[in-house]
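Novice: Starting off with a structure, shown below.
The values are calculated or read from the model by the stated rules, or taken from the named source; none is laboratory data. Since the model is a prediction, treat every value here as computed from it, not as a measurement. Positions of Cβ are backbone-derived with ideal geometry, glycine not excepted, and every protein chain shown enters the neighbour counts. All accessible areas refer to the heavy atoms of the entire protein, side chains included, with ligands and DNA or RNA removed. Shrake-Rupley method; radii C 1.70, N 1.55, O 1.52, S 1.80 Å.
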Amino acid sequence: METKHRGHPASWWAQFPDVSNRFDAAVVTEGLSECITAKIPSPLLRREAEIAADVVVRYLNKQSSPELAERAERAVERLVATVERLEERHTSDESGTIEAYALCHALQGRWAEAAAEAEPFVGTQPLLKVFVKALHLERFDTALAVRLLRAGQDPGAAVHAGLVVGKYAWWPHWLLKIVNERALAGRLDDETIAALDRCAYAELSPAQSKMARRLLNGEEAVVDASAHRLEALGETEAAAKLREGDLTAVALAARLIPL
């Protein structure tokens, strides 16, 4: 069970809709509703919450329906009124008003606020999965993105890494491992991706792949030996770049290793 923590502020959760132009209101609302309603201790309040969430999600999946729009608005108003009455009557939160208020915010389209309020009692992982699913991104490594988000990276960086790995899923395993390592370290920039792509296209043997990995990791002895080999072959510019840490020369240096 995930321990309680301060969690992320609403401003952090609010970044998710900005990283995808396909962010799905119905998916995030339904996901948040399922996470939150399960935590409402009162069976009667939980049932009313489930009914309201069902109506709102149906409307979000068919927003052209005036009838559903009206029913959704009434359902949320009814739930809010119920929660307010319960809060007036109870001095403790045994009725689940904290959870229910978070749900109300989710049903009102205030997903970031709802997530920030729900994180202490729902946990981070379930909420991350909901928001990442709502991005509706194709060729996307969801597991990596969630892992990076849990490691503390901002949504923009985590989504970028997930898109890279999803796009280049055909890369060899050893190269994808480097991508994951660099992504977790926050060092997966466009230059690195371009260099890794060259390595993927170089059709390296297992021995050459091992050498490329060591070069990409910046092992000084290996870099120096490879640079000398490049110089001996007249590739002085590539050797200089390799010594300077330029990743573009890695594929060339690795391919010079005998098969």
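Novice: Enumerate the calculated ³J(HN,Hα) couplings along segment 43-51 in order (Karplus 6.51 cos²θ - 1.76 cosθ + 1.60, θ = phi - 60°), each rounded to whole Hz, writing x wherever the residue is Gly or Pro.
Specialist: Couplings: x, 5, 5, 4, 5, 5, 5, 5, 5 Hz.
Novice: Between D189 and R74, what is the label-point separation in nm under the 7 Å Cα-to-beta-carbon projection?
Specialist: So the two model labels end up 5.8 nm from each other.
Novice: A further question on this structure: Over the chain, what is the relative contact order in whole percent, taking alpha-carbon pairs under 8 Å and six or more residues apart? It would help to have the intermediate numbers written out before the result.
Specialist: Values: 319 pairs, mean separation 49.2, N = 259.
Rounded, it is 19 percent for the chain.
Novice: Separate question: Could you sort W170, W111 by their accessible area in this structure, using a 1.4 Å probe and putting the largest first? Spell out each step's value before the answer.
Specialist: Numbers: W170 125, W111 55 Å².
Ranked from most to least accessible, the order is W170, W111.
Novice: Quick check on the chain: take the gyration tensor over C-alpha atoms, sort the square-rooted eigenvalues as a ≥ b ≥ c, and tell me if it's rounded (a/c under 1.5), prolate or oblate. Don't jump to the answer; show the numbers that get you there.
Specialist: On the way: a/c = 4.27, a/b = 2.97, b/c = 1.44.
Prolate shape, in that a/c is at least 1.5 and a/b is the bigger ratio.
Novice: Give me the lysines in straight-line cross-link reach of K177: C-alpha distance below 16 Å, same-chain residues under 8 apart excluded.
Specialist: K167, K210
Novice: Something else about it: Taking a ≥ b ≥ c as the square roots of the Cα gyration tensor eigenvalues, with a/c under 1.5 meaning rounded and otherwise prolate when a/b beats b/c, else oblate, which class fits segment 73-141?
Specialist: Values: a/c = 4.36, a/b = 1.89, b/c = 2.30.
Oblate.
Novice: I've got another one for you. Considering the options A116, Y201, A158, tell which one lies farthest towards the positive end of the dipole of the chain, charges being +1 on Lys and Arg and -1 on Asp and Glu at the Cβ, about the Cα centre.
Specialist: The residue sitting farthest along the positive end of the dipole is Y201.
Novice: Next up: Using +1 on the beta carbon of Lys and Arg, -1 on that of Asp and Glu, and nothing else charged, what's the dipole of segment 1-120 about the Cα centre, debye to 20? If you can, show how the numbers build up before the last one.
Specialist: On the way: 14 positive and 21 negative charges, 28 e Å.
Dipole size: approximately 140 debye.
Novice: Could you size up the charge dipole of the chain around its Cα centre, putting +1 on the beta carbon of Lys and Arg and -1 on that of Asp and Glu, and report it in debye to the nearest 20?
Specialist: On the way: 31 positive and 38 negative charges, 130 e Å.
It comes to approximately 620 debye.
Novice: Taking every pair of alpha-carbon atoms in segment 109-258, what share in percent sits in each 10 Å bin, from 0 to the bin with the longest distance?
Specialist: 11, 34, 26, 16, 9, 4, 0
Novice: What are the residues whose amide H is under 5 Å from the amide H of Q153, where those residues sit 5 or more places off or on another chain and H is modelled from the backbone?
Specialist: none
Novice: Here's something else I'd like to know. Through the Karplus equation 6.51 cos²θ - 1.76 cosθ + 1.60, θ set to phi - 60°, convert the phi angles of segment 149-160 into ³J(HN,Hα) values in whole Hz; use x for Gly and Pro.
Specialist: Per-residue couplings from phi come out as 5, 5, 7, x, 6, 5, x, x, 5, 5, 5, 4 Hz.
Novice: Gain in length, Q125 to E50, computed as 0.36 nm per residue apart minus the alpha-carbon separation, to one decimal in nm? Show your work: numbers first, answer last.
Specialist: Numbers: separation 75, 0.36 × 75 = 27.00 nm, distance 2.17 nm.
Here the answer is 24.8 nm.
Novice: While we're on this one: When the convex hull of the C-alpha atoms of segment 136-177 is computed, what volume per residue in Å³ does it have?
Specialist: Numbers: hull volume 2.6 nm³, N = 42.
Measuring per residue, one finds 62 Å³ for the Cα hull of segment 136-177.
Novice: Now for a separate question. Taking 41 Å as R0, compute the FRET efficiency from the Cβ-Cβ separation of Q108 and D197 and round it to 0.05.
Specialist: Numbers: r = 44 Å, r/R0 = 1.08.
The formula returns an efficiency of 0.40 here.
Novice: Moving on. Please say if segment 1-143 is rounded, prolate or oblate, where rounded means a/c under 1.5 for a ≥ b ≥ c the square roots of the C-alpha gyration tensor eigenvalues, and otherwise the choice is prolate for a/b larger than b/c and oblate otherwise? Write down the numbers at each step before the final one.
Specialist: Numbers: a/c = 2.17, a/b = 1.18, b/c = 1.83.
It is oblate, given that a/c is not under 1.5 and a/b is not larger than b/c.
Novice: While we're here: For segment 123-248, what is the relative contact order in percent, using Cα pairs closer than 8 Å and at least 6 residues apart in sequence?
Specialist: Numbers: 92 pairs, mean separation 21.6, N = 126.
With pairs under 8 Å counted, the relative contact order is 17 percent.
Novice: Please report the base-10 log of the normalised intensity I(q)/I(0) for segment 1-67, using a Debye sum with one equal scatterer per alpha carbon and no solvent, at each q in 0.14, 0.22, 0.29 (1/Å).
Specialist: Per q value, in the given order, log10 I(q)/I(0) is -0.59, -1.07, -1.17.
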